[in-house]
Each structure stands twice: as structure tokens, then as C-alpha cells.
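To start, the structure itself, in C-alpha cells.
The values are calculated or read from the model by the stated rules, or taken from the named source; none is laboratory data. Owing to the predicted nature of the structure, the values given are computational and were not obtained by experimental measurement. Using ideal geometry, Cβ is built from the backbone for each residue, glycine included, and neighbour counts are taken over all protein chains shown. Calculation scope for accessible area: heavy atoms of the full protein, side chains included, ligands and nucleic acids excluded. Shrake-Rupley method; radii C 1.70, N 1.55, O 1.52, S 1.80 Å.
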Amino acid sequence: MDSQPSPISSQLAPDHITRAQSDLLRWYAAEQRDLPWRRTSDPYAILVSEIMLQQTQVDRVLPKYQQFLSAFPTLADLAVAPTADVINVWVPLGYNMRAVRLQAIAQQVMAQYDGRIPDTIEGLLSLKGIGRYTAGAIACFAYHKQVATVDTNIRRVLHRIFIGVEQPETALNDAAMLALAEQVLPPGEAYNWNQALMDMGATICTSNNPRCMACPLQEPCKAYQEMSQHSLFPSGVVLRQMRKVAEKKTSYQSQPFTSTNRYFRGRIVDLLRSLPAGECITLTLLGPKIKPEYSDADQPWLQRLVSGLAKDGLVDYTEDRVRLP
């Protein structure tokens, strides 16, 4: 990770930080979302929620979160469960590799930490598949440690409040953004502050259509002040910048999803789940079932897909036959 320091660390006025902290925490006390993982301090339950929430909207996670914990009530239950069962319960959240990674974390904790999830950033980062955000979230939300953490929502909200409208020249790298998050963390309020930032980013300070006129942080928000000076509501600098970002993303996503390898990986796993337990299928039969226009020329491609699934622990693949593990 780059070691770029935050260019605004020495420029933030203490009263600016204090006002933002006060306004956001007051708003959160009145408007916080009622989410089941906020009703527990169980590190395992919070780990499950954090992995599920990666790349998935809260509304989709809510029913699956309860179902997953009912199927695997403890870390030990998850660690010893057949991987196929874990994936079956995970479906249809998508990105099934997350379920495999979650089980691997459970197995590592059982083997190396006597079944207790570490309570420090360093210990949590020793778990394969845990990054700095998830480590910070577990330390803060499960163990109530006074730590900062930065996800997409938190990054966006902090940038707009303390730096201003997102522009390429003002973008901070991960290290600098974490340094900013640590600098503005209110003493003794890490749990509420981090949750408040996420709620603000999810409901008001959104990526594409921020509800600036309903925001309780108008006074301390630098982005709001910038736009106010130029009468740029509701469209203007922020939304123009957002459209540029969206256009850039679209250029990378021009390939239809139904022609991507991730789509076909999902089709393979779904087809194998429809087979009787333990039954395998040859690649020759598998190809046409997942791709109607499949031909012999596609066999190397299919072999790479299946080999990748096997490497990820999602399938067993031997002698051109594939099945669920």
C-alpha cells in the first residue's frame, strides 16, 4: 500500500471536525436503520454479515443472514459443514466464493485461535480473506474497539465532508483515507460513528443521487458549500463528476453479463446442484447444457472454467468429470 499522507491532515480545523461529529451522531441517534447485526456483539454473526454485505445490497442480505445463521449457528458448525451445503444456503446471494472464503476463515479460527475470532486488527488481518475494512468492522462492531475503518460509503461521506466534491486531483489513496478516518474519529464513539457514516452513505450521501437538501451535515460539508456557492443544486459539479465515473464504469462493463465467465461459472454450479447427490457429469455433456452454442472449440475454455472452480473449492474435477464436493 502507498504511504501517501493525507494532504488535509494539518488543514482540518478542530471546530470543523467537532461540528461534523456532533451533527452526524445526532442524526444517527434519530434515524439509524434497524439491522439485525446491530443487535448483537457476537463476532461470528458480525463476520457473517460483513462478508455477505460485500458487493450485495442490505435488502438482499437481510433474509439470507438469518437463514445462514440458522443453518450454521456457530463458527464450529460452519467449519465442519460440507462446502456444498454452505454454498447451497448461500445461494442466491451470488459471488459464491465468499461462502467458501467464510468457511475457510471459520476453519482457520478453529485451528489457530481455539475457535475465538481475534479481537485486534493485527489478529484479524492474519485470517486469510480478511482485509483492513472487515478487520476494522469486526474489531469495532463486535469488540467495541475504538478503531476507524473505511468502506465505499464511509470513503464517499468523509471525502465530501472534509475534502469536498470528488475530483481526480483530490482523490486519496487507501492509506491516506484511513489516516483521515482515524483523525476525525470521535473519542469513545467509534461504533456509532462508523455505523452513522455507513447509514449516511446508504440513504442520503449516495453515489449517484445524493439528497443534499435533506442532509443534516450541510453546514460542515465542504462539498455542499462548494455547490452552494455556485447554485449547483440539484445537478452540477457532483452529479457531472458522478456521470463521468458512471461512464467510465460502463466502458469496462460493456460485455453482457450473460457472456462473462462469472455467469458461466454460476451456471455450472447451479447445474451440478440440480444433479442427484454425488452424481458427476462429463465436460462433453456439461458444455451444451450451460452454453447452447457450445462446440468442440469451446472445450479448452470450459476446462479452464471448471479447473478454476475446482481450485476455489466449489467443485471436484477429475478425469474430465465434474461434481459438487
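Anything in region 17-49 that is without any contact (Cβ under 8 Å) to a residue 12 or more places away in the chain and within 17 Å of residue 159 (Cα to Cα)? List them, or say none.
Of everything in region 17-49, just one residue is without any contact (Cβ under 8 Å) to a residue 12 or more places away in the chain and within 17 Å of residue 159 (Cα to Cα), namely 18.
Rundown of residues vs (1) in contact with a Gly (Cβ under 6 Å, 6 or more places away or on another chain); (2) open to solvent by 30 Å² or more (accessible area, probe 1.4 Å); (3) within 30 Å of residue 103 (Cβ to Cβ), yes/no style:
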residue: 129; (1), (2), (3): no, yes, yes
residue: 134; (1), (2), (3): no, no, yes
residue: 148; (1), (2), (3): no, no, yes
residue: 192; (1), (2), (3): no, yes, no
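Of the conditions (1) over 16 Å from residue 97 (Cβ atoms); (2) in contact (Cβ under 8 Å) with a residue 24 or more places away in the chain; (3) of a type outside the set (Val, Ile, Thr); (4) open to solvent by 60 Å² or more (accessible area, probe 1.4 Å), residue 296 satisfies every one except a single condition; which number is it?
Unmet condition: (2).
Taking interchain pairs and intrachain pairs at least six residues apart, which have beta carbon atoms under 7 angstrom, with the first residue in region 184-195 and farther than 16 Å from residue 27 by Cα and the second β-branched (Val, Ile, Thr)?
184/17
Have a look at 86, 80 and point out the one that is open to solvent by less than 50 Å² (accessible area, probe 1.4 Å) and of a type outside the set (D, E, K, R).
86
For the structure I just gave you, tell me whether residue 172 is outside any helix (DSSP H, G or I), touching a residue at least 40 places away in the same chain (Cβ under 8 Å) and within 29 Å of residue 209 (Cβ to Cβ).
For residue 172, the condition - outside any helix (DSSP H, G or I), touching a residue at least 40 places away in the same chain (Cβ under 8 Å) and within 29 Å of residue 209 (Cβ to Cβ) - is met.
For the condition open to solvent by 40 Å² or more (accessible area, probe 1.4 Å), without any contact (Cβ under 8 Å) to a residue 24 or more places away in the chain and in contact with a strand residue (DSSP E or B) (Cβ under 7 Å, 6 or more places away or on another chain), what is the one hit in 274, 307?
Numbers: 274 fails: in contact with a strand residue (DSSP E or B) (Cβ under 7 Å, 6 or more places away or on another chain).
Just a single option satisfies the conditions, and that option is 307.
Let me spell it out: the conditions are (1) under 18 Å from residue 49 (Cβ atoms); (2) without any contact (Cβ under 8 Å) to a residue 60 or more places away in the chain; (3) assigned to a loop (DSSP other than H, G, I, E, B), and residue 114 meets all of them except one. Which number is the exception?
Every condition holds for residue 114 apart from (1).
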